[in-house]
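Below: one structure, written as structure tokens.
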Amino acid sequence: MPDGVYYPSVYLGNERHKFQFTNKITVDTKPPEVRSASGLKPVLFAGPGRSVAIRYTLGENEKAHALVYLGNRPVTLGRLTRPSAKIKWNGRLHYRQLPAGRYVLSIGARDLAGNETPAGERKHVAVVLRYIELTPGQITVRSGRPFKVHVETASKRYTWRLGHRHDERRAKRLRLRAPTTPGTYHLVVTENGHAATAVVRVRAK
């Protein structure tokens, strides 16, 4: 049956009496078109309430729900929206936390008739998923002198370890004092099982 609008009819009495329903039936087999998609931020520091927004544009006059796929599996279904809007991804796959790394998402759509954008016509958006990061990653400091590291994470608290010392902090800027013995140390900062490391080179005074 070709796409179009149809009005169902019922014939009674050897087709002598015809009754036509006022309700119309729309046949639509054309999948929705996604013209463009782009992530507003390339990096997502995952955590409670955190997500990355993806802006997309559908075909003209399209009424459809945006879909985010990871591989061939849908992970987010958006609301029925205008041709241009945003959809968010929280860094999870079916409520499961994913490892840190680079992920390529596919953006498609599903219209009111249930048609979905074919896999080959979806738009792709790369997102780097992280949980914790230290800046700078390498520090050179004289023995016993103070230094600081910026800790980027969605977690409210984290633990740190440098040599034999360790503690728990909340501040985004971690202020420490270098060991008194020259050498190369590893500053390890951990939150919820995820860790980041910075190399600390300690020179003699």
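A few remarks follow.
- The set of residues from region 51-83 being among the charged types (D, E, K, R) and either at pLDDT 90 or above or buried (at least 17 other Cβ atoms within 10 Å of the Cβ) (or both) comprises ARG55, GLU62, ARG73.
- Among the residues of region 51-63, at least one is outside any strand (DSSP E or B), closer than 30 Å to ALA154 by Cα and either among the aromatic types (Phe, Trp, Tyr) or in contact with a strand residue (DSSP E or B) (Cβ under 7 Å, 6 or more places away or on another chain) (or both).
- Tabulated pairs, region 142-164, first within 22 Å of GLY183 (Cβ to Cβ), second modelled with pLDDT under 95 and hydrophobic (A, V, I, L, M, F, W, C), C-beta under 9 angstrom, 6+ apart or interchain: ARG142/ALA204; SER143/ALA204
- Just one of (1) surrounded by fewer than 18 Cβ atoms within 10 Å (Cβ to Cβ); (2) outside any loop (DSSP other than H, G, I, E, B) fails for ALA198. It is (1).
- Members of region 132-171 that are aliphatic (A, V, I, L, M) and part of a strand (DSSP E or B): ILE132, LEU134, ILE139, VAL141, VAL149, VAL151, LEU162
- Cβ separations smaller than 6 Å between residues 6+ apart or across chains give no pair from region 58-70 residues that are free of Cβ contacts under 8 Å to residues at least 40 places away in the same chain to residues that are surrounded by fewer than 15 Cβ atoms within 10 Å (Cβ to Cβ) and outside any strand (DSSP E or B).
- Condition check for ARG96: among the basic types (Lys, Arg), free of Cβ contacts under 8 Å to residues at least 40 places away in the same chain and not assigned by TED's automatic domain parsing to the domain that holds ARG79: no
- Residue tally, condition modelled with pLDDT under 90, in contact with a Ser or Thr (Cβ under 9 Å, 6 or more places away or on another chain) and not in a loop (DSSP other than H, G, I, E, B), over region 14-35: 3
- Note on region 36-50: among residues that are outside any loop (DSSP other than H, G, I, E, B) and of a type in the set (Gly, Ala, Ser), the one that is surrounded by the most Cβ atoms within 10 Å (Cβ to Cβ) is ALA37.
The values are calculated or read from the model by the stated rules, or taken from the named source; none is laboratory data. Quick caveat, the model's predicted, so the values are computed rather than measured. Because the Cβ atoms are built from the backbone with ideal geometry, glycine has one as well, and the counts that use them run over all protein chains shown.
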